[in-house]
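Below is one structure; the comments refer to it alone.
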Amino acid sequence: MGVTAGVRGVGPRVGAGSEWCLPGQSRRGLSLPVLPSRMQRWPVVLFLAWVCFLFFAGIGLFMSGFLLTRIELASSSSCSDPLVPPPWERQSLPPGSCWAPQRFSKAVLVIIDALHFEFARFDPAKASPLPYENKLGVLHQLATSQPRHARLYRFRADPPTATMQRIKGLTTGSLPTFIDVGSNFASYAIQEDNLLAQLVQNGRRVVFMGDDTWEGLFPKKFFRSYFFPSFNVKDLHTVDDGILQHLYPTVDSGEWDVLIAHFLGVDHCGHKHGPDHPEMAKKLTQMNEMLRSLVDHLGNDTLLLVAGDHGMTETGDHGGDSEKEVNAALFVYSRAPLFGSGPPEEPETIPQVNLVPTVALLLGVPIPYSNIGEVMAELFAGDGDAVSAALQQLSVYHINAKQVDRFLQSYSLVAQDLPAEQLQHLQELFSSAVEEHTQLLTQVQGTTVPPELEPRLGSLISRFQHYLREARAVCTQSWARFHPLRMVGGCILIASSCLLCYMASELATSSQSFCRSCLLYPLFWGPVGAALLWLVHVFTQEGLDLLLVSSWAAAASQLGFFWHWWGQHLKRARLTGSQPPLASGGLRQRLRAWLGLAFPMGILFFRCGAMFSDSFVVAEARVAPFLLASLVMLLVGKLHWDGRLTVPEAVPAGLAGDVASREAPLGWSEIWYLLCLVAMFLVCVRLSSFFHQCREEIPQCRPSVFLSPLASLKNTRAKNLFYLLCVALLAGLVYAVQSWLRHYGNLNSSGPLVLFVRWGFPLVVLCIACYWAVASSADDSLGKLQELVQVAVVVFPRAVYGLASVGLLLLLCNPMTVFAKDTRESAGSIVTPYLGVPGSEVDFLHVIPQIYKRMQESQKSRLERGSCRATVAAYGLGSVYSAALVIALTLLGFLLMLLHSERLSFAFLLLFLEAFVLLHIHTCARGLAGDAELFSVPWYAVISWLLAASQFFYSTGHQPIFPAIHWNAAFVGFHLDHSTNLLPAVLVGANTFASHILFAVGCPLLLLWPFVCEMSSSQRKKPKKESREELQEVEEHMMEMRLRESPEQFSTALLRLGLKYLFVLGAQLLACVCAAMILRRHLMVWKVFAPKFLFESLGFVVSSICLLLGISLVMRVDCAVSTWFSQLRLR
């Protein structure tokens, strides 16, 4: 069989891999036919990049309308504001007081990060408490021995329960919005009026020590500061020990008015070990001793506040809105009496924002302008009787209500999103309460209240409380100001991009003509649309929104594409209008194709429709594997329905010749092979369910034990056993990859990449194994060994990063894994001259054996080559594209396994095994179905590939919720704090979207794998008895070199595959976007739908970029193959 590329396929010899023979015409040189034109690479990559840009623009536009931050007012409170109520408005306040008399001159705020209420509660009845229970005994001792001086509260945090958002709430008295979660580790300075700004503005000295997050939020606000790195969640002691080093000397010096100490050890211990761990008991005991010593150093004029910014789940995580995450603790203490009565039986629950107005008025500074919290009135009771205490509380409530009313009026003028009827109702509540308070004070003589007015005091306090709580509820409900036009625009842009992908994937027949013609119009209309929008902004003198310009350019380029397509469609319709209608056979074939498309598309649409149900989103970890298994079973059912899984009956002898001339009938071997693959696939799907993470909405769920690191295991024998199994899995993966490459002849070369695969892969495994060994025993080492372990924990991951980078660089520079063997016979003498003493007999005895040996070698070479007069044999050329992808996926797999806990290597092994089985199922199904379109990947293969990516997102211990993010990944190989946020974001993102990365990079294998498997499938169909000539023709396998026969079809196939992949990704993204938009007022929008949208958007971005990288790698290999052929011709 002649090939335009000048190659003929020869089946692999045992242990030699695939061998390719290049025919020559003479013994002296190599003469090859003309090589085909190269693949059109740049048009394909540019077209796919443009489609990705369309989706990115739609995501950004929708996100700008859905996740808007609330408007922050630039106004700030001051002492001159007319908010002072009677009777203080008619008399001068004490020195250093604003709005209300100052009760304390100093305050110490101790923030114990993640101090759950159960950590602070003390229950003497518990004989065997858990590690986190009954450890803060000093709080219980102070509260019981001095009930009027100390009290414990349930301190309820507002979601999201990330540290930065809680600091904002604790200092501004406002509610951070959902989108602020994204900036949790990229904190921006708070511009809104806040408690620290008021303290500094009124001449108070604020000293801070602890979490360096405060440095970014409040730059240049501290009189003195001691910041310590906070992002390393594995470090339990650096921050806490640094604070303790400076805490007591600072308190004793007296050079401060407000001291803030933010401890992180409890939070980091929860992240690393969970609350139910002996390390948590040690850390809480340390905090208990710290508080006991701190109380002894306080003066009578000092207020002590011990608070947790949020709680933690059973696994030590936080960020969401579950009861365990929002339930923190607050402890208030002073040497001077604080409360007029004893504590209630059950601790009172107060919102965290209530701390801001309370501390502000106690210290005699104005309440921050945007506060919506309610003062803790019991702290203003004083030492007087109940009537005087009520009057004091009414005064601070009056100030608080005036401040909140002023903020609501100002905010409603700027934002105009608070419901008018609710604002009117709040105004009526406020006016009536203030008016009654004013009337009441006119009837009061000093602090003497007539008996008939005493019942009105309690009622009036309740009315102020009702107003403040109603105002906070209105703000909570209306805080997220949606932008409907931007949301609709984003939905339309994403939907039209999906339509474009589908149309282009079905219409693209020539990548060169299609891409160039269809890219020309978008590249012209996109800048034109952006320029028009820019001119509008110039004439209107408005600020230019880059996101809006990008979206406008994307929409204009889309219109250009559809306009061009519609014109071409009308032209084709006119040309084909005179042709007769489709024959019945063509119509039947088209209906069959549509029915075949209905099964995978039905699965995809069902998955997209499930995005509108919070129950399905919560249970998606079980839904995705079910849909994937259903799609594979439907494929088998369709093959059976079409009669492809039945063996035909015996053929009569007289018709044997006719049957032989037709397509060979399928035997039981192919059918059983497919069924075995399906059974293996179902086993992989079932086993993957053992590596799941739990959501708070499923209380009966228990997270997989495989998610926790080996260091958390207390049983040394179990730890060692799991460690050996994990290392064995790594070694098995390397062995499997090397065996596959060796089988197809891609390990015969001596090039740098092949040498790296031979020796670099085992070295990477060794480094990962050493890292796992030291990381799992880091807590058990002591003394100098501890220092050595800390170094090793950093060195080994960096060695893996370095080795993997070298491997990827070698793959990029020279991806050829082909060994060319020159078998041409020498044109010179067939004997070597005799250099000994001249003599005819000696010469004769020397020459004859050489001639005989040479004749033997020549005859043997001819017999082995048969009819192929090969002069150059190329081993591994038939799988050169797939080999590069397999090597790249293996290197990425090593990196991603390093970023996960050790026992999740089991999940990654299942991932690779299931992907391998899916590729073989796809290849076998196409062979059984007799699919002649080798250059087209069917929809069911693309959808099943993406469903597998979603399945392993959950099977690697992830969930689309913020508490489930593996923040530990940011510190694999980095012991100290990061200097920038880019690197930890990349590491955490790679950990979270590991399955998306692997399946997107490996997507071209869906196109390549049937060509790679051509050899093995042909060998299974090989007849037993054939002549040498017939056998030679059967064994000629082009494999992936068939793609080089038609480079135009090859590039078009890659383009269509990429467009199909983006269509399926875009359809899932569109479903999430529509669900978030339609259900934006749903009760579960911020708990379920908004996080799902964010994770789906980020997953789309990661998958699309990795898809471009995978296709670009295939094109880089094709470029190297073309260069290799060119160099071979010059020999």
ask   = Taking θ as phi - 60°, what are the ³J(HN,Hα) couplings along region 41-55 by the Karplus curve (6.51, -1.76, 1.60), each to the nearest whole Hz, with x for Gly and Pro?
value = 8, 4, x, 5, 5, 5, 5, 5, 5, 5, 5, 4, 4, 4, 5
query = When the convex hull of the Cα atoms of region 102-363 is projected onto a plane and the area is averaged over all directions, what value comes out in nm²?
reply = 12.7
key: Sequence-distant residues sharing a close amide H with K821 (under 5 Å, placed H)   = A873, A874, Y875
query = Taking θ as phi - 60°, what are the ³J(HN,Hα) couplings along region 239-255 by the Karplus curve (6.51, -1.76, 1.60), each to the nearest whole Hz, with x for Gly and Pro?
reply = 5, 5, 5, x, 5, 4, 5, 10, 5, 5, x, 5, 4, 5, 5, x, 8
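Which value results when the Cα radius of gyration for region 1060-1123 is divided by 2.2 N^0.38 Å?
Numbers: Rg = 17.1 Å, N = 64, 2.2 N^0.38 = 10.7 Å.
Against the compact-globule rule of thumb, the ratio is 1.60.
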inquiry  = Can you list residues from other chains, or at least 5 along the same chain, whose modelled amide H is less than 5 Å from the amide H of Y226?
reply    = F208, M209, G210
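So for each of 194-203, 602-611 I average, over its residues, the number of other beta carbons within 10 Å; can you give me the resulting order with the highest mean first?
Put in order of decreasing packing, that is 194-203, 602-611.
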request  = Could I have the simple spin-label model distance between F482 and S615, label points 7 Å from Cα toward Cβ, reported in nm to one decimal?
outcome  = 2.3
remark   = Non-local residues with an amide H under 5 Å from the amide H of H692, with H modelled 1.01 Å from N and Pro and chain starts lacking one, are S704
task = Mark the label point 7 Å from the Cα of L559 along Cα→Cβ and return the residues of region 485-504 whose backbone N is within less than 16 Å of it.
result = 489-490, 492-494, 496-497
inquiry  = Could you order the peptides 1064-1075, 807-818 from most to least packed, using the average number of other C-beta atoms within 10 Å per residue?
reply    = 1064-1075, 807-818
task = Note down the net charge around L896, summing +1 for each Lys or Arg and -1 for each Asp or Glu among other residues with Cβ under 15 Å from its Cβ.
result = 0
Alpha-carbon centroid distance for the pair region 666-739 / region 1089-1121, whole angstrom = 25
key: Entries in K283/K719; K106/K283; K324/K1087; K272/K1087 that, when Cα-Cα distance is taken, lie over 20 Å   = K283/K719; K106/K283; K272/K1087
message = Could you check the spin-label model distance between Q790 and D123? Points 7 Å from the Cα along Cα→Cβ, value in nm.
response = 3.8
inquiry  = Below 8 Å between Cα atoms, with a sequence gap of 6+, how large is the relative contact order for region 274-379 in percent?
reply    = 21
query = If you bin every alpha carbon distance in region 457-496 into 10 Å steps from zero, what whole percent lands in each bin?
reply = 25, 23, 20, 15, 12, 5, 0
note = Expected vector for region 619-629, Karplus 3J(HN,Hα) from phi with 6.51, -1.76, 1.60 and θ = phi - 60°, integer Hz, x for Gly and Pro, equals 9, 5, 4, 9, 6, 4, x, 5, 5, 5, 5
query = Considering only the other residues whose Cβ falls under 11 Å of the Cβ of A107, what net charge follows from Lys and Arg at +1 and Asp and Glu at -1?
reply = +1
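What is the packing order of peptides 902-910, 721-729, taking the mean over residues of other C-beta atoms within 10 Å and listing the highest first? Write down the numbers at each step before the final one.
Working: 902-910: 23.2, 721-729: 16.4.
Highest-to-lowest ranking by the protection proxy: 902-910, 721-729.
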inquiry  = Once ligands and nucleic acids are excluded and a 1.4 Å probe is used, how much of V705 is accessible, expressed in Å² to the nearest 10?
reply    = 90
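So if each residue of separation counts as 0.36 nm, and I subtract the Cα-Cα distance between V705 and S412, what length gain in nm does that give?
So the extension gain works out to 100.4 nm.
The values are calculated or read from the model by the stated rules, or taken from the named source; none is laboratory data. All values derive from a computational prediction rather than experimental measurement. All Cβ positions, glycine included, derive from the backbone under ideal geometry; neighbour counts span all protein chains shown. With ligands, DNA and RNA removed, areas are computed over all heavy atoms of the protein, side chains included. Shrake-Rupley method; radii C 1.70, N 1.55, O 1.52, S 1.80 Å.
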